[in-house]
């Protein structure tokens, strides 16, 4: 394990699937969204108690029978190993609370519904003594709702027989398949306004989508950003190998930046779209200064 990382291999996402059923892809698509949702929850919870740390998952194991993905919650930052361990315990405990909150809900209709959940998590933070700034507890409700939105996306792939669970070494919680929160409903709950701007920029390609039309990762001002490519003509040429890219290449393009504000005027999200690719730009890969995240 690298220095500066603390990990506990004690959470698992489990899917019991119907044997012999059609559309086996649904199980793996569901697992992917479930992992993403728990990542959102952990990032939200950690930011509420420790501003100088980040969290990520390491894949620890995959077991047969039912599909079980065992994950290692990992906290990075300038904290002692003991503090990082306490933060991981806090994340796992509160994830159980977050999932239990929707156990009998079909959706969330009002953001005020989260106030009780926020008080419960604040109480746990106080009991476990993990807050950097006690008495000013604030939950990132937008990120929390994004986690709930991913839960809905995950469970929609499952059939009537399939079941999904969140497991720790202490507990085993069934995930409510009846809950759903669309992206549109999420934005209606939180977003007050969206600002947009267009610019001509050269973005360095970090990770392209080689086969489909999902998000690409680019480097912009030494930071990785996910970008949706909207230029269908260029994408068709790329997939037909009429446009070839190599490590370190960039795209000179028209970039649309969308900035999302909540009802308090706080920026809660930013999204990027490439509207038009003008040309490929060749860089010397060895001379690129990129902050690896």
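The values are calculated or read from the model by the stated rules, or taken from the named source; none is laboratory data. Just so you know, these numbers come straight off a predicted model, no measurement behind them. Please note: Cβ atoms are built from the backbone with ideal geometry, for glycine as well, and neighbour counts cover all protein chains shown.
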- line: By residue number, the members of segment 164-179 that are farther than 20 Å from residue 21 by Cβ and buried (at least 18 other Cβ atoms within 10 Å of the Cβ) are 166, 176, 179
- request: Being buried (at least 18 other Cβ atoms within 10 Å of the Cβ) and modelled with pLDDT of 85 or more narrows it down to one of 72, 37, 80, 48, so name that one.
  value: 37
task: Output the residue which, of all residues in segment 212-225 that are in contact with a strand residue (DSSP E or B) (Cβ under 9 Å, 6 or more places away or on another chain) and under 15 Å from residue 255 (Cα atoms), is surrounded by the most Cβ atoms within 10 Å (Cβ to Cβ).
output: 218
- request: Restrict the check to segment 142-163 and report whether at least one residue is in the same structural domain as residue 66 (by TED's automatic domain parsing), part of a strand (DSSP E or B) and surrounded by fewer than 20 Cβ atoms within 10 Å (Cβ to Cβ).
  value: yes
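Conditions (1) surrounded by 14 or more Cβ atoms within 10 Å (Cβ to Cβ); (2) farther than 14 Å from residue 275 by Cβ, marked per residue:
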residue	(1), (2)
227	yes, no
233	no, no
236	no, yes
239	yes, yes
250	yes, yes
- request: Please enumerate the residues belonging to segment 58-69 that are within 16 Å of residue 10 (Cβ to Cβ) and modelled with pLDDT of 75 or more.
  value: 68, 69
task: Test each condition in (1) in contact (Cβ under 8 Å) with a residue 60 or more places away in the chain; (2) over 22 Å from the mean Cα position of the chain (by Cα) for residue 153 and report the one that comes out false.
output: (2)
- request: Please give the number of the condition residue 181 fails out of (1) outside any helix (DSSP H, G or I); (2) closer than 23 Å to residue 263 by Cα; (3) more than 18 Å from the chain's Cα centre (by Cα).
  value: (3)
message: If the requirement is being surrounded by 15 or more Cβ atoms within 10 Å (Cβ to Cβ) and either outside any strand (DSSP E or B) or not assigned by TED's automatic domain parsing to the domain that holds residue 39 (or both), which of these qualifies: 127, 96, 104?
response: 96
message: Please pick out the residue among 228, 206 that is closer than 22 Å to residue 259 by Cα, part of a strand (DSSP E or B), touching a strand residue (DSSP E or B) at 6+ places or on another chain (Cβ under 8 Å) and assigned by TED's automatic domain parsing to the domain that holds residue 273.
response: 228
